[in-house]
1. Could you say whether any residue in the range 210-227 is modelled with pLDDT of 95 or more, under 60 Å from the mean Cα position of the chain (by Cα) and part of a helix (DSSP H, G or I)?
2. Residues in the range 246-254: is at least one at pLDDT 95 or above and farther than 30 Å from Q151 by Cα?
3. More than 23 Å from D229 (Cα to Cα) and either surrounded by 14 or more Cβ atoms within 10 Å (Cβ to Cβ) or of a type in the set (A, V, I, L, M) (or both): does that describe Q198?
4. Return the pair list, or none, for Cβ contacts closer than 8 Å from residues in the range 219-237 that are within 27 Å of N168 (Cα to Cα) to residues that are surrounded by 10 or more Cβ atoms within 10 Å (Cβ to Cβ) and aromatic (F, W, Y), at least 6 apart or on different chains.
5. Please indicate, with yes or no, whether at least one residue in the range 172-187 is acidic (D, E) and over 60 Å from the mean Cα position of the chain (by Cα).
6. Could you tell me whether any residue of the range 225-247 is within 30 Å of R266 (Cα to Cα), in contact with a Phe, Trp or Tyr (Cβ under 7 Å, 6 or more places away or on another chain) and either among the aromatic types (F, W, Y) or loosely packed, with under 12 Cβ neighbours inside 10 Å (or both)?
Amino acid sequence: MVYREEGHGGGGSSAPRPQRIAKKVTIRRAPQVQPQRFVSAPPARVSRPAPQPAPQRQPVRRNPPRPQPQQSQRSPARAPFKANSSGQVSGGGKAPGNVRGGNGGPQRNPAQNKPKSPPKAGQGKVQGAGAKPAPKAPGINQYLASDSGYQSGLSELMKTLQQFQTGNAQNQNDVRSAFQTAMERMGQEREQSLKSLQEDFASRGLLQSGLYAQSNSDYDTEYQNRIADLTKDQEGQLGALSTEASNFQGLNESQKAALKQAAIQRRADKYNIK
């Protein structure tokens, strides 16, 4: 290739630059290589062994036929077993030992699933060899001592009775105390009344007269009547309190008997006592 440089314009006085000439390059082609051809080798010969004669088969000895049992000695034919939709096996004869139903679980013989008939009347309950014997019923007094219902009810009744008796005794003491106080006041009034009566008749000069004696006798009669009325009233009140205490005692005893009867009934129900 040749590179030239030309000046701009036409009137320049500058000297021309030297020209550079590129070297000529020759390109050579690579020699073509001919493809190689492969020739397959001839197949090798395989030696086969000579055929051997087949071994002779020995005759098979068969066991002699066993004697068949007579028809009378054979067991009766069993009916085939059938399985219903739930997997239970039914049919004649004895069920096989471990037959599985539709759900994969073992099925028992239908005869084993049959519910047992209840014991007849009068036979009582049949206990197995390993069953514990029924507990023996304790005596009535022993049961009452251990029965919490009876003991708590009895304690409550005793507490109520004691409170009533205490109140009743206090009321009787109050009646007697009131009677005694009334008697003391009446005695003081009698002395004062007799003294006033004597002074009255003495002031009039009639102390030795029969009028004074009559007045004194009339006052004593009235005094004795008042004492009798007061004593009767006391006895009435004490009698009423005593009757009330007796009635309450009887009611308390009836309640005790009812508690005892209820406890005895519980004992009978618990130990099946007829």
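The values are calculated or read from the model by the stated rules, or taken from the named source; none is laboratory data. Owing to the predicted nature of the structure, the values given are computational and were not obtained by experimental measurement. Don't worry about glycine lacking a Cβ; one is built from the backbone with ideal geometry, like all the others, and counts go over all protein chains shown.
1. no
2. Of the residues in the range 246-254, the ones at pLDDT 95 or above are 246-254.
Imposing the further condition that a residue be farther than 30 Å from Q151 by Cα reduces the set to none.
No - not one qualifying residue is present in the range 246-254.
3. Numbers: more than 23 Å from D229 (Cα to Cα): yes; either surrounded by 14 or more Cβ atoms within 10 Å (Cβ to Cβ) or of a type in the set (A, V, I, L, M) (or both): yes.
Yes.
4. Taking only residues 6 or more apart or on different chains, the pairs are L230/F179; T231/F179; D233/F179; Q234/F179.
5. Taking the range 172-187 first, the residues acidic (D, E) are 174, 184.
Imposing the further condition that a residue be over 60 Å from the mean Cα position of the chain (by Cα) reduces the set to 184.
So far as the range 172-187 goes, yes, one or more of its residues are acidic (D, E) and over 60 Å from the mean Cα position of the chain (by Cα).
6. Of the residues in the range 225-247, the ones within 30 Å of R266 (Cα to Cα) are 247.
Those still in the list that are in contact with a Phe, Trp or Tyr (Cβ under 7 Å, 6 or more places away or on another chain) too: none.
Among the residues of the range 225-247, not one is within 30 Å of R266 (Cα to Cα), in contact with a Phe, Trp or Tyr (Cβ under 7 Å, 6 or more places away or on another chain) and either among the aromatic types (F, W, Y) or loosely packed, with under 12 Cβ neighbours inside 10 Å (or both), which makes the answer no.
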